[in-house]
1. Out of the residues in the range 94-121 that are out of contact with any helix residue (DSSP H, G or I) (no Cβ under 6 Å at 6 or more places or on another chain), over 18 Å from T169 (Cβ atoms) and buried (at least 17 other Cβ atoms within 10 Å of the Cβ), state the one that is modelled with the highest pLDDT.
2. I want to confirm something. Restricting to the range 38-55 and keeping residues that are within 17 Å of G92 (Cα to Cα) and free of Cβ contacts under 8 Å to residues at least 24 places away in the same chain, which single residue is nearest to the chain's Cα centre (by Cα)?
3. Consider only pairs whose beta carbons are under 9 Å apart and that are at least six residues apart or on different chains; among these, list those whose first residue lies in the range 146-165 and is assigned to a loop (DSSP other than H, G, I, E, B) and whose second residue is of a type in the set (F, W, Y).
4. Pairs only if they're at least six apart or on different chains, beta carbon under 7 angstrom, first in the range 79-90 and in the same structural domain as V30 (by TED's automatic domain parsing), second surrounded by 13 or more Cβ atoms within 10 Å (Cβ to Cβ) and part of a loop (DSSP other than H, G, I, E, B); list them, first residue then second.
5. Can V15 be described as within 20 Å of A172 (Cβ to Cβ), over 19 Å from the mean Cα position of the chain (by Cα), part of a strand (DSSP E or B) and modelled with pLDDT of 90 or more?
Amino acid sequence: MTNGLIGKKLGMTQVYGDGNALIPVTVIEVGPCRVVQVKTRDRDGYEAVQLAYGEVKERKVSRAARGHLKASQSPASRILREFKPVGDVALGQVVKADLFKKGDVVDVIGISKGKGFQGVVKRHHYAGGPESHGSMFHRAPGSIGSSSYPSRVWKNKTLPGQMGNERVTAQALQVVEARPDENLLLVRGSVPGAENGIVIIRKSKKG
């Protein structure tokens, strides 16, 4: 087995918990994933299990990927990711949502929504200047460095630029409900990314 799976974020809803309290949850379609490669320390320098998710037509994957998948008798798949091995793992084995159960604590990794080029007020939560007439300083970044020394902009200065569209990990989320027969996982709270975005669900390092 592995310590995680590949899935797809379907959206958010709410369920009733103990004491009829409403719990906001994210619905994730988890797996089924197929083991397409088992990496060993002797051959590859590290141990890992490579899983495939999202079956597609053969013409939609590259020749190299097609040959790699055929070596394990696996169908053409678009997504390949590596996980830590846990116990015995066999090539071609199918890993399903029953890897997780209610009450488990998981980390969910996804690509956050892209928001394009944004200024410092939205991107870095600058307060901005006065909004009154005649101010001439509303949402600008202001001074970005000294003149004589260091005569340059310091590294990592918060400035306008691309916002979002980056790998984000939501840590220590609780599994509210697991439905292995439907390949569904209900995770408390929100997870990164848009609907139908690919996510990685693994057992939490903090759990």
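1. Only one residue fits best here, namely V120.
2. So the residue we want is E55.
3. Once the first residue is assigned to a loop (DSSP other than H, G, I, E, B) and sits in the range 146-165, its partners that are of a type in the set (F, W, Y) give T158/Y126; P160/F117.
4. F83/N3; K84/N3; P85/E47; V86/M1; V86/N3; G87/M1; V89/M1
5. Details: within 20 Å of A172 (Cβ to Cβ): yes; over 19 Å from the mean Cα position of the chain (by Cα): yes; part of a strand (DSSP E or B): yes; modelled with pLDDT of 90 or more: yes.
So V15 fits the description; yes.
Yes or no, residue by residue, for (1) loosely packed, with under 15 Cβ neighbours inside 10 Å; (2) more than 30 Å from L99 (Cβ to Cβ); (3) out of contact with any strand residue (DSSP E or B) (no Cβ under 6 Å at 6 or more places or on another chain):
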site	(1), (2), (3)
G142	yes, yes, yes
P150	yes, yes, yes
K155	yes, yes, yes
L159	yes, yes, yes
M163	no, yes, no
E166	yes, no, yes
A170	no, no, no
E177	no, no, no
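The values are calculated or read from the model by the stated rules, or taken from the named source; none is laboratory data. All values derive from a computational prediction rather than experimental measurement. So basically every Cβ, Gly included, is an ideal-geometry build from the backbone, and we count neighbours across all protein chains shown.
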